[in-house]
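The values are calculated or read from the model by the stated rules, or taken from the named source; none is laboratory data. Only a predicted model underlies this, so the values are computations on that prediction, with no experimental measurement involved. A quick note on method: Cβ atoms are made from the backbone with ideal geometry, for glycine too, and the neighbour counts reach across all protein chains shown. We work out accessible area using only protein heavy atoms, side chains counted, and drop any ligands, DNA or RNA first. Shrake-Rupley method; radii C 1.70, N 1.55, O 1.52, S 1.80 Å.
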Amino acid sequence: MTAIDLDRTIVLERPPQLQFGTGTIARVGAFAAARSITRTLVIAAPVIRDRVADMALPGDVAIFDKVVNEPGLALLATARAFADDYQPELIIGFGGGSVMDLAKLVAVLLGRTTAVEAIVGAGKAPPRRVALAQVPTTAGTGSEAGPRALLTDDATGAKLAIESGHMMADLAVIDPQLAVTVPPLVTAETGIDALAHCVEAFTNVRAHPAIDLYAREGIRLIGRYLRRAVEQGDDLEARAGMALAALYGGYCLGPVNTAGGHAIAYPLSTQHGVGHGRANAIMFPHMLAYNAPVVRERTHEIVGLLGLGEAEGEAICAVASTFCANLGIAMRLAAHGIEAGHVEAMAAEAAGIRRLLDNNPRPMTERDIAAIYHAAL
């Protein structure tokens, strides 16, 4: 890994107001009341719909809860129509990363005929005409504090990435108590997604000291708290630790972003329906080991921060895989219906995701990617 250039420009974006702590959910209502908001649209995960009342929102409240794990263009169109009909003054994303990403997109497209395809990429989204708040209920994406959103093209399965400062929330409220009822496996998979954000930013060719501190602390928190959160869901200290780790992982995404790990995880989702967190978990040990020869010191630091002792070579993949497996995640591709015959198509798709592969510290060819998939079978 080359020396870090401290003169390189880096832009850090944060919500103007971020509230963190157990019981803070009611602060969303206070935020709305202070701005005399009387019409609020909550885009919510179906399983958390009943907790909307805990926000103590003033005035009229509408709930859109048809969100699926990997929202696509059709769902966005439905949500936009719902919002345009309701005409909210405030939109709230209440759920995991998919919910919050959908809320961002609905917020910038409210009242417009702009096709979402026209804003794919960086800096193309129009200014918001509505207030935006984000309330995460899982500890994974860190989307509550970032300007990015991912959407799936229903026809091709490809991921569409949209980035704009106009999608940054006015308020993010992180209440660890909301995650208490998240099932163990979901806790594990979203937690490894947060870990991948931190690790891929930390080992990234665009790594920067201003982000390294968040990446390091996120990794340390996950090493300390993820297994506790999985095994004892009502452990509020563990839930708070994971909520903070996910937030820090989100901080890593804007100015640095992810790298090869996410690129090779995407085809598991787009071609085989494997959930995003699970896909990242399966690929994480293999990418950590693949990159180790060129980021040796940082890899050793990651392994140490996770509490996995010391490891070299193939042992890096082994200890990281054991870490994930001990959380209850099935770590072989075959366990998710992916066979050797699927590798060629997955490798071809992943090799085309240059926006992420170009961030990877070690170059990756299509053949390299296929070899990793075969190793994970």
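Here are the numbers:
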read-out: Boolean, residue 67 is at pLDDT 95 or above, open to solvent by less than 80 Å² (accessible area, probe 1.4 Å), within 26 Å of residue 151 (Cβ to Cβ) and outside any helix (DSSP H, G or I); value: no
read-out: Condition met for residue 8 (out of contact with any Pro (no Cβ under 6 Å at 6 or more places or on another chain), basic (Lys, Arg), assigned to a helix (DSSP H, G or I) and more than 30 Å from residue 267 (Cα to Cα)); value: no
read-out: Residue within segment 73-85 that is assigned to a strand (DSSP E or B) and without any contact (Cβ under 8 Å) to a residue 40 or more places away in the chain present; value: no
read-out: Residue within segment 110-118 that is within 20 Å of the chain's Cα centre (by Cα) and open to solvent by 20 Å² or more (accessible area, probe 1.4 Å) present; value: no
read-out: Flag for residue 206 being open to solvent by less than 20 Å² (accessible area, probe 1.4 Å) and of a type in the set (Lys, Arg); value: no
read-out: Residue list for segment 163-176, filter: surrounded by fewer than 23 Cβ atoms within 10 Å (Cβ to Cβ), in contact with a Gly (Cβ under 8 Å, 6 or more places away or on another chain) and at pLDDT 95 or above; value: 168
read-out: Residues located in segment 332-343, provided they are touching a Phe, Trp or Tyr at 6+ places or on another chain (Cβ under 9 Å) and not small (Gly, Ala, Ser); value: 333, 338, 342, 343
read-out: Segment 45-59, subset modelled with pLDDT under 95 and open to solvent by less than 40 Å² (accessible area, probe 1.4 Å), residue farthest from the chain's Cα centre (by Cα); value: 48
read-out: Criterion: touching a residue at least 60 places away in the same chain (Cβ under 8 Å), closer than 22 Å to residue 356 by Cα and open to solvent by 10 Å² or more (accessible area, probe 1.4 Å) - qualifying residue of 137, 152; value: 152
read-out: Single residue of 268, 244 found to be surrounded by fewer than 24 Cβ atoms within 10 Å (Cβ to Cβ), of a type in the set (A, V, I, L, M, F, W, C) and either modelled with pLDDT under 95 or under 18 Å from the mean Cα position of the chain (by Cα) (or both); value: 244
read-out: Residues located in segment 122-134, provided they are outside any loop (DSSP other than H, G, I, E, B), open to solvent by 10 Å² or more (accessible area, probe 1.4 Å) and touching a helix residue (DSSP H, G or I) at 6+ places or on another chain (Cβ under 9 Å); value: 131
read-out: Condition met for residue 194 (closer than 21 Å to residue 275 by Cβ, touching a helix residue (DSSP H, G or I) at 6+ places or on another chain (Cβ under 8 Å), crowded, with 22+ Cβ neighbours inside 10 Å and of a type in the set (Gly, Ala, Ser)); value: yes
read-out: Filtered residue count, segment 187-210, keeping only those that are at pLDDT 95 or above, over 14 Å from residue 284 (Cβ atoms) and either part of a helix (DSSP H, G or I) or touching a Gly at 6+ places or on another chain (Cβ under 8 Å) (or both); value: 1
read-out: Unmet criterion (only one of (1) modelled with pLDDT under 95; (2) of a type outside the set (Gly, Ala, Ser); (3) on the phi < 0 side of the Ramachandran plot) for residue 257; value: (3)
read-out: Residue within segment 221-237 that is aliphatic (A, V, I, L, M), open to solvent by 50 Å² or more (accessible area, probe 1.4 Å) and at pLDDT 95 or above present; value: yes
read-out: Looking only at segment 274-317, and only at residues there that are of a type outside the set (A, V, I, L, M) and within 17 Å of the chain's Cα centre (by Cα), the one that is most open to solvent (accessible area, probe 1.4 Å); value: 278
read-out: Of all residues making up segment 318-346, the number that are under 24 Å from the mean Cα position of the chain (by Cα) and in a helix (DSSP H, G or I); value: 11
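One line per residue, one yes/no per condition, for (1) within 28 Å of residue 253 (Cα to Cα); (2) among the hydroxyl-bearing types (Ser, Thr, Tyr); (3) in contact with a Ser or Thr (Cβ under 9 Å, 6 or more places away or on another chain); (4) open to solvent by 40 Å² or more (accessible area, probe 1.4 Å):
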residue	(1), (2), (3), (4)
16	yes, no, no, yes
35	no, no, no, yes
40	no, yes, no, no
43	yes, no, no, no
61	no, no, yes, yes
73	yes, no, yes, no
92	yes, no, yes, no
101	yes, no, yes, no
